[in-house]
Every structure is written in C-alpha cells, then in structure tokens.
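Participant: Structure below; questions to follow.
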Amino acid sequence: SGHDLRDLEELLEQTKGSGLDVYTHGEMLPAHYYPLFKKYPHLRGNYGGAWHTQQKDFSAFGGAILMTTNCLVPVLDPYRDRIFTTGVVGYPGVPHIADRVNGKPKDFSPVIERAKWCSPPKKLEEGEIVGGFAHDQVMALKDKVIAAIKSGRIRKFVVMAGCDGRHATRDYYTKLARMLPD
C-alpha cells in the first residue's frame, strides 16, 4: 500500500518464483496499468479500496502488508503482526524495512518470510476497473477520439484526480462522480 512503485518492483523481483502472490492496495492500483508490471504474473490484483479503509481491508486480507509511503492509519491488532513499513512511513512497534544503500534494492526478506506463514486473502469483491489512460495510450487512440468528438459521440471530458478524505463528510470526489451524467 502507498505510492512507491520502485518498492513494488523490488518486492516483485524478490518474490519471483516463491509461490507468493502480490496484491496492491489503494493508491498502488495504477501499477496494474504499467507495461513494466505485466511481466510479473504473481502481481495478482488490487485488494481493498481507498487508503482510509485500510483497517477493514488489512484485517480481512490475511497476508503480509507493506506500507511504502504515507497514509498509514492507526494499526489494529488483527494485522499488527503482519504489517511492515518502509521509506518515510513508520509506526510504533511496526518493523521498518531499511532504505536502499549504494543503489542496492531494499531487502524485503522479512516481509516475504512473514507472508509464507499467512493465510490467503478473503475475497472482498471481484471485477475489473478500467484504467491506464496514460499519454501513450491517448496518443495511440487520438484519431478515434478526435473523430468521436467531431461526430458528437463524445461531447465532454471529466478528469478527476485525488482522493476522498477519511471521514464520511469528506467524500467530495465520490459525490462529484455520482452527480455526473451517464
């Protein structure tokens, strides 16, 4: 969970051939759309939702958890013995994976060893999320998009970037998305 895609890549490299599956959480969801990560078949999917649902998500997950950057909410007992931090994030009593030294990858072996003793995740939901509309993809489709605009099939674009707050009263992006026309 977090934002650090380099940490994810190093974790995937260190878990290759181990029989362990790796899941993203929260803001790591975009990793599934980068071609680089397609070469890791053990990157199985995204588990859970937004950063502020991590207590529920991590309690249900069952596996080892690595927090790569900020957005860590207070750690609960159901996963206290399965969570690790790295980079700028830390939490009292939670093991911390040291930073890179001399350009060498971080050593995620404590997370990997803990994962070997964990139960598989409990299914929360299933389905697909459409994403991956980066510059290259947009440019590859530009002729079709321009034709759709000129014909009137596309009349408006909405770009949303950011995330709702942790508290129910801070659900501004969700409210905006629900107010958009079909």
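Participant: Please identify, among Ser59, Ser109, Ser18, the residue showing maximal mean-square fluctuation in a Gaussian network model of the chain using a 10 angstrom Cα cutoff.
Facilitator: Ranking Ser59, Ser109, Ser18 by mean-square fluctuation puts Ser18 first.
Participant: According to the square roots a ≥ b ≥ c of the eigenvalues of the Cα gyration tensor, what is the shape class of segment 77-140, taking rounded for a/c under 1.5, prolate for a/b larger than b/c otherwise, and oblate for the remainder?
Facilitator: Values: a/c = 2.48, a/b = 1.34, b/c = 1.86.
It comes out oblate by the Cα gyration axes.
Participant: Along the charge dipole of the chain, Cβ charges K/R +1 and D/E -1, which of Ala98, Tyr79, Thr169 sits furthest on the positive end?
Facilitator: Thr169
Participant: Return one whole number: the accessible area per residue of segment 1-107 in Å², for a 1.4 Å probe. Show your work: numbers first, answer last.
Facilitator: Details: 5180 Å² over 107 residues.
Roughly 48 Å² per residue, with all protein chains present.
Participant: Something else about it: Which value, in Å² and to the nearest 10, is the accessible area of Cys71 when all protein chains are kept and the probe is 1.4 Å?
Facilitator: For Cys71, solvent-accessible area is about 40 Å².
Participant: Based on the alpha-carbon gyration tensor of segment 1-122 and its eigenvalue square roots a ≥ b ≥ c, which shape applies: rounded if a/c is under 1.5, prolate if not and a/b is larger than b/c, or oblate?
Facilitator: Taking the square roots of the gyration eigenvalues as a ≥ b ≥ c, segment 1-122 is rounded.
Participant: Further question: Taking a virtual spin label 7 Å from the Cα of Arg100 along the C-beta vector, which residues in segment 9-51 bring their backbone nitrogen under 15 Å of it?
Facilitator: 9-14
Participant: Here's a follow-up. For the residue pair Gln55 and Asp77, what label-to-label distance in nm results when each label sits 7 Å from Cα along the Cα-to-beta-carbon direction?
Facilitator: Output for this residue pair reads 1.4 nm.
Participant: Mind grabbing the accessible area of Thr174 for me, 1.4 Å probe, Å², rounded to tens?
Facilitator: So the heavy atoms of Thr174 present about 50 Å² to solvent.
Participant: Quick one: how many Å² of Trp51 are accessible to a 1.4 Å probe, rounded to 10?
Facilitator: 40
Participant: Say the cut-off is 29 Å between C-alpha atoms; which of Lys122/Lys144; Lys16/Lys142; Lys16/Lys175; Lys39/Lys123; Lys38/Lys150; Lys123/Lys175 go over it?
Facilitator: Lys122/Lys144; Lys16/Lys142; Lys16/Lys175; Lys38/Lys150
Participant: Here's another thing I want to ask about it. If I build a Gaussian network model for the chain, linking alpha-carbon pairs within less than 10 angstrom, which residue out of Ala148, Ala98, Ala115 has the largest mean-square fluctuation?
Facilitator: Sorting by GNM fluctuation, first place goes to Ala148.
Participant: For a quick check, take a GNM of the chain with Cα springs below 10 Å and name the residue from Val94, Val111, Val138 with the largest mean-square fluctuation.
Facilitator: It is Val138.
Participant: Using a 1.4 angstrom probe on the protein heavy atoms only, line up Arg153, Arg6 by accessible area, largest first.
Facilitator: Arg153, Arg6
Participant: Would you mind classifying segment 56-110 by shape? Square roots of the alpha carbon gyration tensor eigenvalues, ordered a ≥ b ≥ c; an a/c under 1.5 is rounded, otherwise it is prolate if a/b is larger than b/c and oblate if not. Display every interim value, and only then the final one.
Facilitator: On the way: a/c = 2.40, a/b = 1.86, b/c = 1.29.
Note, shape of segment 56-110 comes out prolate.
Participant: Follow-up question, since we're still on this one. Counting only protein heavy atoms, what percent of the accessible surface of the chain is carbon or sulfur at a 1.4 Å probe?
Facilitator: On the chain, the fraction of accessible area on carbon and sulfur atoms equals 57 percent.
Participant: Under the 0.36 nm per residue contour assumption, what length would be gained going from the current alpha-carbon distance of Ser18 and Glu126 to full extension?
Facilitator: Full-extension gain reported as 36.4 nm.
Participant: Along the Cα-to-C-beta direction of Asn70, a point sits 7 Å from the Cα; which residues of segment 7-21 have their amide N less than 14 Å from that point?
Facilitator: The answer is none, because no backbone nitrogen lies closer than 14 Å to the label point.
Participant: Right, something else. Which length gain, in nm to one decimal place, applies between Arg44 and Tyr91 when the Cα-Cα distance is subtracted from 0.36 nm times their residue separation?
Facilitator: 14.2 nm
Participant: At what distance in nm do the modelled label points of Ile154 and Leu36 sit from each other, each positioned 7 Å from its Cα along Cα→Cβ?
Facilitator: Each label point is offset 7 Å from its Cα along the Cβ direction, giving 2.7 nm.
The values are calculated or read from the model by the stated rules, or taken from the named source; none is laboratory data. Please read these numbers as outputs of a predicted model, since none were measured by experiment. With ideal geometry, Cβ positions are generated from the backbone for all residues, glycine too; neighbour counts draw on all protein chains shown. SASA here: full protein model, heavy atoms, side chains in, ligands and nucleic acids out. Shrake-Rupley method; radii C 1.70, N 1.55, O 1.52, S 1.80 Å.
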